[in-house]
C-alpha cells in the first residue's frame, strides 16, 4: 500500500465542518421564503467576508452583526406597508460565529418581512 501525503477521509474527520460543528468564525446562512401565492425563493448569505446570493448581502450582514446573529434582537425599521394579508413564511438556517442558527416566522406580507428583518429577508 502506497503512502498518500494527504488522506481526505482523515483530513475530513479532523475538521469541525465534518463533525457537524460550526467553525468559530463561520457566519453562513441559508434564507428561504414561501409566499401564500406559492412563490418561493432561497438565497445564501455569508458574512466575514460578505458574499453569497443575497441581493443586499452587505446590509443583511450588518443587520445580523448588530443583533449578534439573533433574529429576535433585530429592530424593525419604519416602513409604509399596506394592510394587505399575503403571508410570507421565512426560514434561516446555518451558523453564526460558532452558534447554530435555526429561525422561522411568518410575516403578514412581504413589505413587513423586509421592514421587520431590516432587509435580511429582502430578496
Please give the residues of region 35-69, grouped as numeric ranges, whose backbone N is less than 14 Å from a label point set 7 Å along the Cα-to-Cβ vector of residue 81.
35-36
Please give the peptides 70-78, 106-114, 49-57 ranked by average Cβ packing (other Cβ atoms within 10 Å per residue), highest first, as a rough proxy for protection.
106-114, 49-57, 70-78
Here region 21-116 gives, from Cα atoms, an Rg and Dmax in Å of 13.5, 42
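Every number here is computed from the coordinates shown, using simple stated rules; none is lab data. Just so you know, these numbers come straight off a predicted model, no measurement behind them. Positions of Cβ are backbone-derived with ideal geometry, glycine not excepted, and every protein chain shown enters the neighbour counts.
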